[in-house]
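Single-structure report; data block below.
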Amino acid sequence: MEAYSEKVMEHFRNPRNVGEIENPDGIGKVGNPVCGDIMELYIKVKDNVITDAKFKTFGCGAAIATSSMVTELVKGKTVDEAMKVSNRAVAEALGGLPPIKMHCSVLAEEALKKALDDYQRRTVKKLSGKAA
Amino acid sequence: MKRIYLDYAATTPVDVRVVKAMLPHFTEIYGNPSSLHAFGQEAKHVVEESRHTVASFIGAKPEEIIFTSGGTESNNFTIGGIAHARSDKGNHIITSRIEHHAILEPCHFLEKEGFQVTYLPVDKYGLVDPGDVRKAINAKTILISIMHANNEIGTIQPIAEIGSIARENGVYFHTDAVQTFGHLPVDVDELNLDLLSASGHKLYGPKGVGIIYARKGIRMSPFMQGGGQEKGRRASTHNVPGIVGLGKAVDLAKEEMGQEIEHLTVLRDRLIQGILNAIEYSSLNGHPTKRLPNNVNVSIAYVEGESMLLNLDMEGIACSTGSACSSASLEPSHVLTAIGLPHELAHGSLRFSLGRPTTSDDINYVLSVLPGIVGKLRAMSPLYKKEVKYGSVQ
């Protein structure tokens with residue numbers, strides 16, 4: 001099997017932002033136990049800027065490293081900027097992934113998009129709640 | 001850092017005594033065994049000596065041993081060679097769902113050629129029911145191939161019983177003995193075998209050499225055609241150093257196997273019990289006693305196998321996993337799914353395979369490191385707390 005890059009191993013060894021956020025502003029849950037990878041991504045947003053991101057992941061080395069990297073990449077970004085973070089960007093930031101593991105980066109992107117969607121949905125709900 | 005190899009089922013180091021026996025056959029006795037001159041005849045002599053050693057080790061005759069390039073070739077050769085030589089008699093093959101890919105893939109290939117293959121199920125321990133074999137036999141059955149012991153979960157099959165059913169029905173019976181040859185007693189008559197595959201590098205011999213035992217009188221289509229070696233069944237210049245190495249490895253196994261079985265069984269059971277005691281929601285895969293003396297295969301719920309494997313590797317421990325994430329297909333192990341494991345437990349499997357050099361300290365080290373790794377990964381796992389909270393474990 002193709003070995004992981006140094007950067008992947010570094011994030012696997014010391015994953016950043018592991019855990020959950022209490023009262024998050026957005027949650028993205030993707031994957032299922034059958035396929036072998038499950039990611040949960042939590043974000044905290046203030047003034048349209050992502051102030052915190054945390055994750056919980058069941059999966060292989062690449063799944064854990066991409067989860068860790070995506071949380072690092074989006075912290076400090078505006079919601080719009082974060083929307084543009086692609087799976088390629090995550091993989092590149094990790095110094096590349098073995099081809100067979102690219103789907104892990106896709107999962108990370110999907111988790112992020114879901115968390116951002118969730119945030120926007122909640123925001124709309126809050127706003128419409130206020131309006132009513 | 002301490003380095004502990006517990007992946008002997010993948011391959012073994014070559015015993016230094018084997019290397020020593022092989023060395024002169026690279027530089028001094030380098031003739032081609034097919035040559036008539038003295039250089040050739042010297043080489044032929046050592047090849048035949050090795051054939052003799054291997055044959056007597058399994059209760060066979062020397063002319064019943066074919067040298068190959070390894071376990072995969074032996075299995076491919078047998079399945080294809082028998083199917084094609086006997087296609088006038090029938091087109092049906094019986095095997096199991098938990099065979100090595102070196103059996104399953106040639107079977108899939110034959111299906112495309114119009115052969116019919118029955119893949120027998122196994123029970124939760126990975127055992128084939130001999131009654132199922134009997135039921136699966138029909139007038140067109142030409143070969144039954146059931147592995148001696150499974151490479152992933154270590155389950156040892158009732159080979160003698162299946163062999164006698166095959167014999168009653170006049171069907172050839174083959175076993176893939178790659179995991180047992182040199183590790184458990186194998187006698188082709190006691191096991192009612194017609195054909196057997198084995199490999200050199202699983203018993204402290206070199207890679208690139210293996211054998212087929214084919215009972216006298218069995219016709220097989222040739223695997224390689226050329227210079228007529230191995231009675232025309234397997235052409236190619238003999239791998240003389242490899243064949244000598246295999247012979248030496250068999251000599252050593254003959255002497256050391258009994259002691260090794262005792263030694264490894266104790267360590268195996270200590271590792272199994274140690275893991276099951278120390279780690280909540282862990283379970284043994286395979287049969288508790290009908291099991292290779294060196295095989296430990298466990299599923300650890302809520303964590304994924306490759307993550308555990310990488311963490312163990314960072315602590316110097318080498319093992320393997322049946323997780324999809326470490327296979328090229330992204331499918332979990334076909335063996336673990338065949339014994340009925342749900343996908344999530346197949347993903348969380350680890351195989352430790354012990355070997356001659358494994359010590360009690362090695363086992364202690366694994367037991368001191370693994371619970372911490374599992375704890376760290378479970379803390380990161382979104383499955384862990386939920387399952388435990390809702391009490392729907394296992």
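The values are calculated or read from the model by the stated rules, or taken from the named source; none is laboratory data. Since the structure is predicted, the reported quantities are computational estimates derived from the model, not experimental observations. Every residue, glycine as well, gets a Cβ built from its backbone with ideal geometry; the counts of neighbours run over all protein chains shown.
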> Looking at (1) touching a residue at least 40 places away in the same chain (Cβ under 8 Å); (2) in a helix (DSSP H, G or I); (3) not aliphatic (A, V, I, L, M), which is the only condition B:HIS108 fails?
Replying inline: (1)
>> Among the numbered criteria (1) assigned to a loop (DSSP other than H, G, I, E, B); (2) over 26 Å from B:THR358 (Cβ atoms), which one does B:THR12 miss?
In response: (2)
> Restricting attention to the range B:312-329, and to residues there that are assigned to a loop (DSSP other than H, G, I, E, B) and at pLDDT below 70, which single residue is nearest to the other protein chains (Cβ to nearest Cβ)?
Replying inline: B:ALA328
>> Condition (residue is over 13 Å from the mean Cα position of the chain (by Cα) and over 21 Å from A:ASN17 (Cβ atoms)) applied to the range A:106-119: is it met by at least one residue?
In response: no
>> I'd like the full set of residues that are outside any loop (DSSP other than H, G, I, E, B) and among the charged types (D, E, K, R), limited to the range B:124-156.
In response: B:ASP132, B:ARG134, B:LYS135
> Which members of the range B:356-375 meet the condition of being over 16 Å from B:PRO293 (Cα atoms) and touching a Lys or Arg at 6+ places or on another chain (Cβ under 8 Å)?
Replying inline: B:TYR365
> Of the residues A:ALA108, A:ALA91, which single one is surrounded by 24 or more Cβ atoms within 10 Å (Cβ to Cβ), without any contact (Cβ under 8 Å) to a residue 40 or more places away in the chain and over 14 Å from A:ASP25 (Cα atoms)?
Replying inline: A:ALA91
>> Among the residues in the range A:107-127, are any small (Gly, Ala, Ser) and in contact with a Ser or Thr (Cβ under 9 Å, 6 or more places away or on another chain)?
In response: yes
>> Tally up the residues in the range B:273-311 that are among the β-branched types (Val, Ile, Thr), in contact with a helix residue (DSSP H, G or I) (Cβ under 7 Å, 6 or more places away or on another chain) and away from every other protein chain (no Cβ under 14 Å), please.
In response: 4
>> Looking at A:ILE21, A:ILE38, can you tell me which residue is surrounded by 16 or more Cβ atoms within 10 Å (Cβ to Cβ), in contact with a helix residue (DSSP H, G or I) (Cβ under 8 Å, 6 or more places away or on another chain) and within 14 Å of chain B (Cβ to nearest Cβ)?
In response: A:ILE38
>> So the check is Cβ under 7 Å with 6+ separation or different chains; which pairs have a first residue in the range A:41-60 that's more than 14 Å from chain B (Cβ to nearest Cβ) and among the small types (Gly, Ala, Ser) and a second one that's part of a strand (DSSP E or B) and surrounded by 24 or more Cβ atoms within 10 Å (Cβ to Cβ)?
In response: A:ALA53/A:LEU41; A:ALA53/A:TYR42; A:ALA53/A:ILE43
>> Suppose we filter B:ALA9, B:ALA21, B:ALA38 for residues that are surrounded by 23 or more Cβ atoms within 10 Å (Cβ to Cβ) and farther than 25 Å from B:ASP189 by Cβ; which single one remains?
In response: B:ALA9
> Among B:ALA235, B:ALA214, which is of a type in the set (A, V, I, L, M) and more than 19 Å from B:ILE103 (Cα to Cα)?
Replying inline: B:ALA235
> Mind checking which residues of the range A:61-88 are within 12 Å of chain B (Cβ to nearest Cβ) and either β-branched (Val, Ile, Thr) or over 23 Å from B:HIS347 (Cβ atoms) (or both)?
Replying inline: A:ILE64
> Within the range B:338-371, how many residues are surrounded by fewer than 18 Cβ atoms within 10 Å (Cβ to Cβ) and within 14 Å of another protein chain (Cβ to nearest Cβ)?
Replying inline: 1
